[in-house]
Amino acid sequence: MDLYNLLILLMFIAVVLMVEGMYLLWSSYKGPEANKIDRRLRIMSAGAHGGPETSLLKQRLLSDKPFMQHILLSIPRIHVLDRLLMQTGLRMNLMSFVGLSCGLALAGFLIAQFVVLNLILTIALLLLAGSLPYFYLLYLKDKRLKKFDEQLPDALDLIGRGIRSGHALPSALKMVADEMANPVAEEFRVAFDEVNYGFSMQAALTNLSTRVPSTDLKYFVVAVLIQRETGGNLAELLDNISAMIRSRQRLYGAIRVLSAEGKLSAWILTLLPIVLAIVINLVNPAFMQVLWKDEAGIKMIIGVIILMIVGILWMRKIIKIRV
């Protein structure tokens with residue numbers, strides 16, 4: 001098969017994947033009530049553990065199509081990716097995400113064929129394009145988690161005031177769900193619904209800490225579970241945890257200001273070679289073509305990429321301070 005026929009075949013596959021992705025995207029928005037119920041069940045199943053009912057929910061909700069469901073379940077540790085998808089807050093099922101990643105990978109392959117890159121650079125571009133949705137998920141997860149951590153002290157204060165006024169802990173969780181904004185309201189609403197559906201408070205709070213990988217939230221969950229076993233003033237305990245979280249956030253803000261110069265230097269050192277290579281290629285393309293047409297140039301590119309990755313990880317280790 002020559003290159004022309006191969007491109008036609010790949011374009012046909014790309015169109016089919018695009019149509020399939022559009023169909024899956026449309027099917028995920030059948031109605032506001034159905035979408036709300038489906039999303040709540042998916043969030044609960046992503047954090048659930050140990051029960052047969054929750055396992056059935058998780059298996060059923062990976063994909064709307066039975067044959068794709070069977071394929072996804074055969075992939076090892078696919079639930080980890082599904083949990084990451086739910087932690088971002090996106091209204092997208094796992095099948096739509098996989099289709100988007102495959103479509104971008106195919107687009108990267110087609111771009112590499114039109115630019116006439118060698119095999120190594122073609123594979124690199126394919127992997128880079130296919131992994132872009134995953135890195136975007138990580139960005140959304142971090143952004144949502146930071147917002148959750150900012151809202152958590154106010155949520156704990158609200159729970160403490162509700163307990164002082166005579167409400168039970170599930171009712172206090174519902175107050176957070178009703179009176180605060182997302183994402184903290186959404187997660188506490190799921191915990192409250194789990195208690196209403198028959199889960200124990202320990203299981204609901206454990207599921208909450210599983211869905212939201214927040215260190216501050218784990219302090220709250222562990223404190224509540226210990227208090228339910230040993231007794232004590234829960235409202236006062238929540239006030240102390242809230243004060244501790246606010247102190248940690250102030251300390252983290254000060255550290256972030258002090259490390260801003262190091263982060264800027266890291267960005268400059270990372271982007272400078274890439275920007276310089278693009279500028280040189282625009283000014284004198286023949287000068288840069290040696291790097292990907294000559295065997296020694298390809299080895300140099302691979303070596304530079306490896307060294308840049310090591311440098312990025314090294315600088316990230318230096319400027320990232322855990323509080």
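Summary table below
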read-out: Yes/no for M308 being over 26 Å from the mean Cα position of the chain (by Cα), modelled with pLDDT of 80 or more and in a helix (DSSP H, G or I); value: no
read-out: Residues within the stretch 276-323 that are aromatic (F, W, Y) and under 30 Å from G253 (Cα atoms), tallied; value: 1
read-out: Qualifying positions in the stretch 90-106 - in contact (Cβ under 8 Å) with a residue 40 or more places away in the chain, over 11 Å from P133 (Cβ atoms) and surrounded by 19 or more Cβ atoms within 10 Å (Cβ to Cβ); value: N93, M95, L106
read-out: Pair list, Cβ < 6 Å and 6+ apart or interchain, from the stretch 132-159 residues that are surrounded by 14 or more Cβ atoms within 10 Å (Cβ to Cβ) to residues that are part of a helix (DSSP H, G or I) and among the basic types (K, R); value: P153/R246
read-out: From N240, N207, residue being assigned to a helix (DSSP H, G or I) and free of Cβ contacts under 8 Å to residues at least 40 places away in the same chain; value: N240
read-out: Selection count where residues are at pLDDT 80 or above and in contact with a helix residue (DSSP H, G or I) (Cβ under 6 Å, 6 or more places away or on another chain), scope the stretch 231-265; value: 9
read-out: Single unsatisfied condition, P213 versus (1) part of a loop (DSSP other than H, G, I, E, B); (2) out of contact with any helix residue (DSSP H, G or I) (no Cβ under 8 Å at 6 or more places or on another chain); (3) under 21 Å from M244 (Cα atoms); (4) not polar (S, T, N, Q); value: (2)
read-out: Sole exception among (1) outside any helix (DSSP H, G or I); (2) at pLDDT 80 or above for R322, by number; value: (2)
read-out: Restricting the stretch 191-202 to residues that are without any contact (Cβ under 8 Å) to a residue 60 or more places away in the chain and surrounded by 15 or more Cβ atoms within 10 Å (Cβ to Cβ), the residue that is farthest from S247 (Cα to Cα); value: F199
read-out: Count of the stretch 269-302 residues which are outside any helix (DSSP H, G or I) and within 13 Å of I120 (Cα to Cα); value: 1
read-out: Filter result for L251 (more than 23 Å from F148 (Cα to Cα) and over 24 Å from the mean Cα position of the chain (by Cα)); value: no
read-out: Unmet criterion (only one of (1) over 28 Å from K143 (Cβ atoms); (2) within 28 Å of the chain's Cα centre (by Cα); (3) charged (D, E, K, R)) for D216; value: (1)
read-out: Enumeration of residues in the stretch 107-120 that are assigned to a loop (DSSP other than H, G, I, E, B) and either surrounded by fewer than 16 Cβ atoms within 10 Å (Cβ to Cβ) or at pLDDT 75 or above (or both); value: V116, N118
read-out: Breaking point among (1) part of a helix (DSSP H, G or I); (2) of a type outside the set (V, I, T); (3) assigned by TED's automatic domain parsing to the domain that holds R161, for W314; value: (3)
read-out: Selected residue (criterion: surrounded by the most Cβ atoms within 10 Å (Cβ to Cβ)) from residues of the stretch 253-272 that are of a type in the set (S, T, N, Q) and more than 12 Å from K320 (Cα to Cα); value: T270
read-out: The stretch 156-190, residues that are assigned to a helix (DSSP H, G or I), within 16 Å of I245 (Cβ to Cβ) and in contact with a Leu (Cβ under 8 Å, 6 or more places away or on another chain); value: L156, D157, I159, G160, V176, V184, E187, F188
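The values are calculated or read from the model by the stated rules, or taken from the named source; none is laboratory data. Remember, it's a predicted structure, so these values are computed and weren't measured experimentally. No Cβ is skipped: glycine too gets one built from the backbone with ideal geometry, and neighbour counts run over all protein chains shown.
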